[in-house]
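Have a look at the structure below before the remarks.
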Amino acid sequence: MTLKTQIDPLKIPKHVAVIMDGNGRWAKQKGMARVFGHKNGVKAVREVVESAAEIGVKVLTLYAFSTENWNRPKVEVETLMGLLVSSLKDELKTLQKNNIKLQCIGTIENLPAKAQRELFEVINKTKNNDHMTLNLALSYGSREEIVNAIQNISKKVVNKQLLTEEIDEKIINNHLYTFTLPDVDFLIRTSGEKRISNFLLWQIAYAELYFTEVLWPDFRKEHFFEAILDYQHRERRFGKTSEQLEKDNE
Ligand code: IPE
Ligand code: IPE
Ligand code: MG
């Protein structure tokens, strides 16, 4: 039996987020420059997008570039931005074919003009697709996102559009970049690192976490399905007891 056929269609996580890590180490193992790893990570992106769409994931968020990644060597940053432009051009077909809508989160205004143009073009061309949302985190930092939300909420309080007492979880949610998206159900990180690296801190409050040793350029559909199966064997209790959950399901 293939891994995919073992997946329960009734227990698919709605929102899957992926920290695509290990490109540099993958290249180093092969005696190549780090950018070679990034170039070879593109196929893994396609595999994970296709496999998520195949099983009915509604939102797939990919961490492609963090606010901290701006501190990497200039050639590496330039290569990553170049890859973003070429992949957007190449993947438009795949997105249309699979009825996938592209969206992005982060300080997009900090990306090179060419990358912004390409990004908005693909976002615009795919805006009516509704099978899955592919959400790219680009120049994204969760703390920056929270600071931005607090600033915008404060402005509303100062302008008397909002009372301090009205600030609740929903209001905060609505001021995050992810305001249109559900909470993350499942977070995958490749390459064996077990940390969050400033990714979706608010949104992963109750996410299930999954860490794999596989380096991002080696990540394939089977790895994704294996992760989903692991997710499906977990009990998400949200603070309740197992007995309560059994009752709820009766
Ligand atoms: C992930 O791979 C890609 C980005 C962060 C853009 P890395 O480039 O972080 O690879 P390692 O962690 O150095 O192996
Ligand atoms: C996180 O990976 C960012 C992305 C995958 C885009 P990093 O490789 O930058 O994270 P750290 O530095 O190991 O925490
Ligand atoms: Mg890394």
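The values are calculated or read from the model by the stated rules, or taken from the named source; none is laboratory data. These numbers come from a predicted model, not from an experiment. Cβ coordinates were reconstructed from backbone atoms using ideal geometry, including for glycine residues, and neighbour counts include every protein chain displayed.
Structural remarks
- Among the residues of the stretch 144-198, the one identified as of a type in the set (Lys, Arg), within 25 Å of the chain's Cα centre (by Cα) and more than 15 Å from ligand 2 (Cβ to nearest atom) is Lys170.
- Test: residue in the stretch 171-179 that is at pLDDT 95 or above, among the aromatic types (Phe, Trp, Tyr) and touching a Phe, Trp or Tyr at 6+ places or on another chain (Cβ under 9 Å): yes
- Condition met for Val147 (closer than 29 Å to Gly22 by Cα, assigned to a helix (DSSP H, G or I) and within 16 Å of ligand 1 (Cβ to nearest atom)): no
- Selection of the stretch 96-123 for residues being out of contact with any helix residue (DSSP H, G or I) (no Cβ under 7 Å at 6 or more places or on another chain) and either under 25 Å from Ala53 (Cα atoms) or at pLDDT below 95 (or both) yields Gln96, Lys97, Asn99, Lys101, Ile105, Gly106, Phe120, Glu121, Ile123.
- Taken over the stretch 50-78, the criterion of being among the β-branched types (Val, Ile, Thr), over 12 Å from the mean Cα position of the chain (by Cα) and under 21 Å from Ser197 (Cα atoms) is satisfied by Thr67, Val77.
- There is no residue in the stretch 212-220 that is in a loop (DSSP other than H, G, I, E, B), surrounded by 16 or more Cβ atoms within 10 Å (Cβ to Cβ), on the phi > 0 side of the Ramachandran plot and within 15 Å of ligand 2 (Cβ to nearest atom).
- Ala44 vs. criteria outside any helix (DSSP H, G or I) and either under 21 Å from the mean Cα position of the chain (by Cα) or surrounded by fewer than 14 Cβ atoms within 10 Å (Cβ to Cβ) (or both): no
- Qualifying residue in the stretch 125-136 (condition: touching a strand residue (DSSP E or B) at 6+ places or on another chain (Cβ under 8 Å) and in a helix (DSSP H, G or I)): no
Quick grid of which residues meet (1) surrounded by fewer than 18 Cβ atoms within 10 Å (Cβ to Cβ); (2) assigned to a helix (DSSP H, G or I); (3) charged (D, E, K, R):
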position: Pro13; (1), (2), (3): no, no, no
position: Val18; (1), (2), (3): no, no, no
position: Arg25; (1), (2), (3): yes, yes, yes
position: His38; (1), (2), (3): no, yes, no
position: Ala52; (1), (2), (3): no, yes, no
position: Ala64; (1), (2), (3): no, no, no
